[in-house]
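Engineer: Attaching a single structure in structure tokens format; questions to follow.
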Amino acid sequence: MAIKIITDSGSDLPLEYVEKYNVTIVHLPVHFGHDLMPEHTETKAFYEMMRESKELPTTASPSPQSFLEVFKEVEPGTDILVLCMSSNISSTYQTATIAKEMFEEEGHPNAIEVIDTKRFSGGLSLLVATAARLSLTCSLAELKESVLKQVEETTAFFTLDTLENVIKGGRLNRLSGAVASVLNIKLLLKISDEGRVEVVEKTRGLPKALNLLLSKLDEKQYDYEKAAIAIVHSNCEKLALEIKARILEKHPFKEVVFSSMGPVMGTYAGEGGIGVAF
């Protein structure tokens, strides 16, 4: 039976995967002040708007109705798998679960599963890309089991060039952040097993932080004939392509899911961030 893959815009899934596997993206609303940003605003335009804005944009979870409308568009006889960003940074998973209950109460024939991936951005895009590929050859139950196993095995790290957004967003103490900025301190961050952001190490300067990030790939064994890696950046494609080349020189992954952080993740990362998930 066919399977429809649905995710949210916190996944930063590249357009090529959206089109190739017909993945549907449920968008999180992004506001600049009182103005709702159009859903399909180009990434570069978003970063320009954020650069010019005196205040950070704000994000919110989609409503259950937004998910329900997408579920209803799926043809009868097609199963549905929804992969949501970590419930520890967004309530998107909770609203998708409510929509699932509403969908089932209305008596629709489609089987549906909603998964809290405990990941976001590159980590989530890697899970969605893999699930989309596997969905062509397995059942919904098999696909759910495979995704849950990959959630446990997926590791994600990232580093930011600026701490301005995480300070403004209240995710880092303002005084600590100001001191770190003055001293050019960069943070190597990890997505924990629970789907939270953890500081792994601190270093002076972005090059050292990137070297630390790349060194984390050496701690894992890979079957390169099957393995995939996700690389995401926040409006610094040239740097991200250099990182991609450095990774593939040492770790020849068969597949690279390469994308730019969209408005949801970009709001918190600021420009110049690099993330990897493997």
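The values are calculated or read from the model by the stated rules, or taken from the named source; none is laboratory data. Everything numeric in this text was worked out from a predicted model, so none of it was measured. So basically every Cβ, Gly included, is an ideal-geometry build from the backbone, and we count neighbours across all protein chains shown. Quick note on the areas: whole protein, heavy atoms, side chains included, nothing else; ligands and nucleic acids left out. Shrake-Rupley method; radii C 1.70, N 1.55, O 1.52, S 1.80 Å.
Engineer: For the list (1) open to solvent by 60 Å² or more (accessible area, probe 1.4 Å); (2) over 30 Å from Thr267 (Cβ atoms); (3) among the hydrophobic types (A, V, I, L, M, F, W, C); (4) assigned to a loop (DSSP other than H, G, I, E, B), I need the number of the one condition that Ile89 fails.
Structural biologist: (2)
Engineer: Any residue in region 172-188 that is within 30 Å of Leu81 (Cβ to Cβ) and modelled with pLDDT under 95?
Structural biologist: no
Engineer: Starting from region 82-106, take each residue that is farther than 13 Å from Lys118 by Cα and list its partners that are among the polar types (S, T, N, Q) and in a loop (DSSP other than H, G, I, E, B), counting only C-beta distances under 8 angstrom and pairs at least six apart or across chains.
Structural biologist: The qualifying pairs are Thr95/Ser61; Thr95/Ser63; Phe103/Asn110.
Engineer: Out of region 113-128, which residues are within 18 Å of Leu140 (Cα to Cα) and open to solvent by less than 10 Å² (accessible area, probe 1.4 Å)?
Structural biologist: Across region 113-128, the qualifying residues are Ile115, Thr117, Leu127, Val128.
Engineer: Can you tell me which residues in region 129-160 are surrounded by 18 or more Cβ atoms within 10 Å (Cβ to Cβ) and either assigned to a loop (DSSP other than H, G, I, E, B) or at pLDDT below 95 (or both)?
Structural biologist: Within region 129-160, Ser135, Thr154, Leu160 meet the criteria.
Engineer: Looking at Met50, is it more than 21 Å from Gly275 (Cα to Cα) and hydrophobic (A, V, I, L, M, F, W, C)?
Structural biologist: So Met50 fails the test.
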